[in-house]
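A.B. asks: Below is the structure I would like to discuss, written out as structure tokens.
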Amino acid sequence: FHGLDGEIVGELSMEDLTTLFPKRTMAVSLSCAGNRRKEANMIKQSKGFSWGCAAVSTSVWTGVRVADVLDYLGLLDDLSAAKYICFDGVDKLPNGTYGTSIAIETVLDPARDVLLAFEQNGERLAPDHGFPVRLLVPGFIGGRSIKWLGAVKLSAEESDSWYHYFDNRLPPPNVDQETVKSDDSWFKRPEYIINDRNINSAISAPAHDEVLALGPA
């Protein structure tokens, strides 16, 4: 855990996380920001995998509130300059580690229950799901719930992770792929970030273009 000056102010073991703080257990559905992109691609081709309506999963998660941990470490004593909490994973990707930042008011909102999660469906996290601890941001796109969490930092600025800017953004419809290739500042405009998910529903059956036989009158 890092303060505004970047200095490490505390390190917590898994035993610390699981014994020092009140635990929260809740069912949370996570979905990819590109869920149902296939339908959008039928109108106009976009960038990214052509997800159908099933890039969603629901689990019962257990963890501790990020706000409680920050308070324990004294990081909430002076928030006059802090605007974001930055979270970084430990996975090594082509453009650095996967990281993001969440507005501090969201992290501290007791109604949000932003967690450091270490259990899924009553068992310790499996490696594929972020062992030993991951971020869990209910109501946000899955891409903000950083797996294999390695560092938490207070910051006056948004995360500097490449993936925070160039993943999970939605420029306006008049901005095409060629435009953003020549001017990537579109990805850095805060109004185009995808965080909160809209409630939506999808028809799972019948399938698209499926022909149904008429039953008896």
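The values are calculated or read from the model by the stated rules, or taken from the named source; none is laboratory data. All values reported here derive from a predicted model rather than from experimental measurement. Counting neighbours? That spans all protein chains shown, and the Cβs are built from the backbone with ideal geometry, glycine included. Heavy atoms of the whole protein, side chains included, go into the accessibility calculation; ligands, DNA and RNA do not. Shrake-Rupley method; radii C 1.70, N 1.55, O 1.52, S 1.80 Å.
A.B. asks: Relative to the Cα centre, what is the charge dipole magnitude of the chain, using +1 at the beta carbon of each Lys and Arg, -1 at the beta carbon of each Asp and Glu, and rounding to the nearest 20 debye?
C.D. replies: Magnitude of the dipole: close to 740 debye.
A.B. asks: What list of ³J(HN,Hα) couplings, whole Hz, do you get for the stretch 10-27 from phi and the Karplus terms 6.51, -1.76, 1.60, once you set θ to phi - 60° and write x for glycine and proline?
C.D. replies: x, 10, 10, 7, 5, 5, 4, 4, 8, 10, 8, 10, x, 8, 10, 10, 7, 7
A.B. asks: Under the √(5λ) rule applied to the eigenvalues of the Cα gyration tensor, what semi-axes describe the equivalent ellipsoid of the chain? Give them in Å, descending.
C.D. replies: 34, 24, 14
A.B. asks: Moving on to the next point. Mind ranking 52-62, 130-140, 72-82 by how tightly packed they are, going by the mean number of other C-beta atoms within 10 angstrom, highest first?
C.D. replies: 130-140, 52-62, 72-82
A.B. asks: With an 8 Å Cα cut-off and a minimum separation of 6 or more residues, compute the relative contact order for the stretch 62-166 in percent.
C.D. replies: Value for the stretch 62-166: 36 percent.
A.B. asks: Now, a different point. If you find the alpha carbon centre of the stretch 157-199 and of the stretch 102-123, how far apart are they in angstrom?
C.D. replies: One Cα centre to the other: 24 Å.
A.B. asks: Explain nothing, just compute: Karplus ³J(HN,Hα) = 6.51 cos²θ - 1.76 cosθ + 1.60, θ = phi - 60°, for every residue of the stretch 88-99 in order, whole Hz, x for Gly and Pro.
C.D. replies: Along the stretch 88-99, the couplings run 10, x, 9, 6, 9, 10, x, 10, x, 7, 7, x Hz.
A.B. asks: For the chain, what is the relative contact order in percent, using Cα pairs closer than 8 Å and at least 6 residues apart in sequence?
C.D. replies: 21
A.B. asks: Of all accessible surface on the chain at a 1.4 Å probe, what whole percent is carbon and sulfur? Could the numbers behind the result be given before it?
C.D. replies: On the way: 6710 of 12630 Å².
Exposed carbon and sulfur together represent 53 percent of the surface.
A.B. asks: Something else about it: Using a Cα distance threshold of under 13 Å, what count of lysine pairs results for the chain when pairs must be 8 or more residues apart or interchain? Mind showing how you got there, number by number?
C.D. replies: Values: LYS38/LYS47; LYS47/LYS181; LYS83/LYS153; LYS92/LYS147.
Number of lysine pairs found: 4.
A.B. asks: Excluding ligands, DNA and RNA, what is the solvent-accessible area per residue of the stretch 1-92 at a probe of 1.4 Å, expressed in Å²?
C.D. replies: Solvent-accessible surface per residue comes out at 58 Å².
A.B. asks: For GLY96, which sequence-distant residues (separation of 5 or more, or a different chain) have an amide H within less than 5 Å of its own amide H, given hydrogens modelled in the peptide plane?
C.D. replies: Answer set, sorted by chain and number: none.
A.B. asks: Then there's this: Using the heavy atoms of the protein chains alone and a 1.4 angstrom probe, what is the accessible area of the stretch 133-217 per residue in square angstrom?
C.D. replies: 63
A.B. asks: Let me ask something else. Taking 0.36 nm per residue of sequence separation and subtracting the Cα-Cα distance, how much length would be gained by fully extending the chain between TYR192 and SER13, in nm to one decimal?
C.D. replies: Stretched out fully, the TYR192 to SER13 stretch lengthens by 60.8 nm.
A.B. asks: For the stretch 124-181, what's the relative contact order in percent, using C-alpha pairs closer than 8 Å and at least 6 residues apart?
C.D. replies: Reported as a whole number, the value is 22 percent.
A.B. asks: Right, another one. Applying the Karplus parametrisation 6.51 cos²θ - 1.76 cosθ + 1.60 with θ = phi - 60° to the phi angles of the stretch 58-71, what ³J(HN,Hα) value in whole Hz is obtained for each residue in order, glycine and proline being reported as x?
C.D. replies: 10, 9, 9, 9, 10, x, 10, 5, 4, 4, 5, 5, 4, 5
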